[in-house]
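Visitor: My structure is below; once you've seen it, I'll send some questions.
The values are calculated or read from the model by the stated rules, or taken from the named source; none is laboratory data. Note that the coordinates shown come from a computational prediction; the quantities given were computed from them, not determined experimentally. A quick note on method: Cβ atoms are made from the backbone with ideal geometry, for glycine too, and the neighbour counts reach across all protein chains shown. The accessibility values were calculated without ligands, DNA or RNA, using every heavy atom of the protein model including side chains. Shrake-Rupley method; radii C 1.70, N 1.55, O 1.52, S 1.80 Å.
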Amino acid sequence: MIADRADAGGLEVARHFGIAARALTPAKGTERVEYDQALAAAIDECSPSLIALAGFMRILSAPFVQRYAGKMLNIHPSLLPKYAGLHTHRRAIEARDAVHGVTVHFVTEQLDGGPRVIQARVPVEAGDTEATLSRRVLAQEHVIYPLAVDWFCQGRLRCEEGEAFLDGRVLSEPMQLADIGREKKS
């Protein structure tokens, strides 16, 4: 596991489970491309089949994204394409959305714009704050991200030519967590 911050909680969790973990914190004034080259070197030491971004708050350079095209997933706390970027919970509350949620997507050069894989919807309740909504969205993140990673590791999920495929079918729209249980019953 590689984190961009030495205080990332995932580092300690990874170490607890015997997973090699380290922080690769950019020095002040480090250019994005320079940092991404160091990050790529660290990643390549591990030869991963998949890179799963979680809480990684750096925008990656185009060469970095191209290097790992089709091998990089991200999780974003909104129902993409709505609310790409930061402050998604605040934006959903301010817009008086009835539903918010979370999306797993493949990473492309477009910020939060890659092919969407799966989403989980979360109702926005009266009196919600960023913190309360964030907690409910986070609970769904912990369900759908492992599911998407599992699909990838089983060879069921792939990304080619800018499209996500699940079980050989193009995902023109992301899977919805609410529908997955129904599919199994059919």
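Visitor: Which of the numbered conditions does Ala69 fail, given that it passes all the others? Conditions: (1) crowded, with 20+ Cβ neighbours inside 10 Å; (2) in contact (Cβ under 8 Å) with a residue 60 or more places away in the chain.
Guide: (1)
Visitor: Can you find, within the stretch 150-170, the residue that is least open to solvent (accessible area, probe 1.4 Å) among those that are assigned to a loop (DSSP other than H, G, I, E, B) and closer than 18 Å to Gln110 by Cα?
Guide: The qualifying residue least open to solvent (accessible area, probe 1.4 Å) is Gly162.
Visitor: Residues to consider are Leu86, Leu60, Leu80, Leu73; find the one that is under 23 Å from His142 (Cα atoms), in contact with a helix residue (DSSP H, G or I) (Cβ under 9 Å, 6 or more places away or on another chain) and either outside any helix (DSSP H, G or I) or aromatic (Phe, Trp, Tyr) (or both).
Guide: Of Leu86, Leu60, Leu80, Leu73, the one residue that is under 23 Å from His142 (Cα atoms), in contact with a helix residue (DSSP H, G or I) (Cβ under 9 Å, 6 or more places away or on another chain) and either outside any helix (DSSP H, G or I) or aromatic (Phe, Trp, Tyr) (or both) is Leu73.
Visitor: I want to confirm something. Restricting to the stretch 75-84 and keeping residues that are within 20 Å of Ile51 (Cα to Cα) and not hydrophobic (A, V, I, L, M, F, W, C), which single residue is least open to solvent (accessible area, probe 1.4 Å)?
Guide: His76
Visitor: Here is a list: Ala54, Ala23, Ala38. Which entry is surrounded by fewer than 17 Cβ atoms within 10 Å (Cβ to Cβ), touching a residue at least 40 places away in the same chain (Cβ under 8 Å) and of a type in the set (Gly, Ala, Ser)?
Guide: None of the other options fit; the residue is Ala54.
A quick yes/no check of all residues on (1) in contact with a Ser or Thr (Cβ under 7 Å, 6 or more places away or on another chain); (2) of a type outside the set (Lys, Arg); (3) over 29 Å from Glu125 (Cα atoms); (4) part of a loop (DSSP other than H, G, I, E, B):
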site: Pro26; (1), (2), (3), (4): no, yes, yes, yes
site: Ala38; (1), (2), (3), (4): no, yes, yes, no
site: Ala69; (1), (2), (3), (4): no, yes, yes, yes
site: Asp97; (1), (2), (3), (4): no, yes, no, yes
site: Val104; (1), (2), (3), (4): no, yes, no, no
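A quick yes/no check of all residues on (1) open to solvent by less than 70 Å² (accessible area, probe 1.4 Å); (2) out of contact with any Asp or Glu (no Cβ under 8 Å at 6 or more places or on another chain); (3) outside any strand (DSSP E or B); (4) modelled with pLDDT of 95 or more:
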site	(1), (2), (3), (4)
Val117	yes, yes, no, yes
Arg121	no, yes, no, yes
Thr132	yes, no, yes, yes
Gln140	yes, yes, yes, yes
